[in-house]
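To keep things clear, I will list the structure first and then write my remarks on it.
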Amino acid sequence: MHARAVEQQRPATDSVARLIDTRGLDTFNRVWTEPTSVPTKAETGTPDLWQRRFG
């Protein structure tokens, strides 16, 4: 059960890591400013979609 939970979280974790690597921690921290900044389910599977919202 634990392994499955980890695998389900991996896309989100990978998306966050990629955003921080490409745009920096300050950009990622904008996610906490508005609920709409959180990635959608589609965006966690396609990190480029989420990154586009951060300009």
The one condition in (1) modelled with pLDDT under 85; (2) open to solvent by less than 40 Å² (accessible area, probe 1.4 Å); (3) on the phi > 0 side of the Ramachandran plot that Ala12 fails to fulfil: (3)
Checking Val38 against (1) open to solvent by less than 80 Å² (accessible area, probe 1.4 Å); (2) more than 10 Å from the chain's Cα centre (by Cα): exactly one of these is not met. Which one? (2)
Can you tell me which residue is surrounded by the most Cβ atoms within 10 Å (Cβ to Cβ) among those in segment 16-30 that are in contact (Cβ under 8 Å) with a residue 12 or more places away in the chain and within 9 Å of the chain's Cα centre (by Cα)? Leu19
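The values are calculated or read from the model by the stated rules, or taken from the named source; none is laboratory data. Quantities reported herein were computed from a predicted structural model and do not represent experimental measurements. Heads up, the Cβs are rebuilt from the backbone with ideal geometry, glycines too, and the neighbour counts pull from every protein chain shown. Only protein heavy atoms, including side chains, enter the accessible area calculation; ligands, DNA and RNA are left aside. Shrake-Rupley method; radii C 1.70, N 1.55, O 1.52, S 1.80 Å.
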